[in-house]
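What follows is a short report on a single structure.
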Amino acid sequence: MIEVAGLTKRFGPTLAVSDVSFEVQKGEVLGFLGPNGAGKTTTMRVITGYLSPSEGRVRVAGYDVVEEPLEAKRRTGYLPEAPPVYPDMTVVEYLAFVARIKGVPRREIQTRIEEVSEKCAVTDVTDRQIGKLSKGYRQRVGLAQALIHNPEVLILDEPTAGLDPKQIIETRELIRGLAGQHTIVLSTHILPEVSKTCERVLVINQGKIVASGTPQELTHRLQGYETVLLTAEGPAAEMMERLQRVSGVNLVEPRDAADSRVTFEVHAEKGHDVRAELARAIVESRWKLLELKTSGLSLEDIFLQLTTKDLGEGPDTSDKSSVVGIV
Ligand SMILES: Nc1ncnc2c1ncn2[C@@H]1O[C@H](COP(=O)(O)OP(=O)(O)OP(=O)(O)O)[C@@H](O)[C@H]1O
Ligand SMILES: [Mg+2]
């Protein structure tokens, strides 16, 4: 339903999104997880047609968002990070206004407003001014406007940001209720958020996808092992075989190879610092060790944020010593 291929977005010298590719199947709920500045909003704004890509292609329901923007937009509902505010409009006036912009036929507008108000639980505030609503209700109105034209695809940028715990739970329930009938992409900083609402997660950092999987897989990987990147010069197969024999090493995967240089991703058992042994294995075999580091994805940073913003529910990610593996 959504296809993103080789998406790159630059703002002048800033590389906001770098060669990102993924697909979202019909009815799926996909979560974007990443720290501030990761590129979540930028990716979403390209999918919704509000920004044009520097490189790459995005298709929504088969329509290219650059070549056929109207067809793509007709099928997309968008809850932006900072929803446009019309504080003087009542909820019903605002929804009618958005419905007209989105091309909902005039005779259907009333019914659509009733349906989305019901779905997003705003029926008791429809005649109130938006500026006088609580943050939680304003967010629900934001969701209601995203749904007004009954789009197949919903793009929700941090739908629970700034809400109180009760409102967060209600909004998550609402999103889960929309899954199946709609294909949903949502963004968040918070791991428990994705485990509560999403079937699949892309971890995005510095404009790149650094990990993907189900919330369970990610949690498991986070807690399961530590990752070391080792670059050495020598015979690839022999080096790999030797590294695999180092005590505490679970898995060695080649990541990059150029000339006789190879970078391996080494997964070690949790709590084992295998770096010294890896170095010894390479040097004693008279190969050339060029670089050795714990996976520099700074996912610790991501998860530091995750855990500090957590409300205390969901899986325990308080152990920041481990790192998610690379895609
Ligand atoms: N309109 C713009 N002009 C220039 N730079 C931009 C613009 N929009 C985003 N950026 C830059 O692109 C990068 C990615 O920003 P983006 O808003 O996509 O991140 P994000 O993952 O949504 O972060 P947050 O969690 O803070 O919302 C950042 O470095 C940001 O400063
Ligand atoms: Mg953002």
Checklist outcome for this item: Across (1) within 14 Å of ligand 2 (Cβ to nearest atom); (2) among the hydrophobic types (A, V, I, L, M, F, W, C); (3) more than 24 Å from Asn150 (Cα to Cα), Leu7 clears everything bar (1)
Checklist entry - Of the residues that make up region 20-29, is at least one basic (Lys, Arg), closer than 18 Å to Asn150 by Cβ and free of Cβ contacts under 8 Å to residues at least 12 places away in the same chain? => result no
Checklist entry - Out of region 92-108, which residues are within 24 Å of Ala179 (Cα to Cα) and surrounded by 17 or more Cβ atoms within 10 Å (Cβ to Cβ)? => result Leu95, Val98, Ala99, Lys102, Val104
Checklist outcome for this item: Residue set Leu33, Leu7, Leu79; condition within 16 Å of ligand 1 (Cβ to nearest atom) and under 13 Å from Ile155 (Cβ atoms); output residue Leu79
Next on the checklist: Given the options Val60, Val85, Val65, name the one that is more than 15 Å from ligand 1 (Cβ to nearest atom), in contact with a Ser or Thr (Cβ under 7 Å, 6 or more places away or on another chain) and of a type outside the set (S, T, N, Q).
Outcome noted: Val60
Checklist entry - Quick check: anything in region 76-91 crowded, with 16+ Cβ neighbours inside 10 Å, in contact (Cβ under 8 Å) with a residue 60 or more places away in the chain and of a type in the set (S, T, N, Q)? => result yes
Item to check | Only one of Leu174, Leu186 that is within 17 Å of Ala161 (Cα to Cα), touching a strand residue (DSSP E or B) at 6+ places or on another chain (Cβ under 8 Å) and in the same structural domain as Leu147 (by TED's automatic domain parsing) | outcome: Leu186
Checklist outcome for this item: The strands (runs of 3 or more DSSP E) lying wholly within region 10-70 that contain at least 1 residues that are within 16 Å of ligand 2 (Cβ to nearest atom), in the same structural domain as Gly103 (by TED's automatic domain parsing) and within 23 Å of Val201 (Cα to Cα) are 14-24, 29-33
Checklist entry - at pLDDT below 95 and more than 28 Å from Ser117 (Cα to Cα) - does that describe any residue in region 24-33? => result yes
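The values are calculated or read from the model by the stated rules, or taken from the named source; none is laboratory data. Just so it is clear, the structure is predicted and the values come from calculations on it, not from any experiment. Positions of Cβ are backbone-derived with ideal geometry, glycine not excepted, and every protein chain shown enters the neighbour counts.
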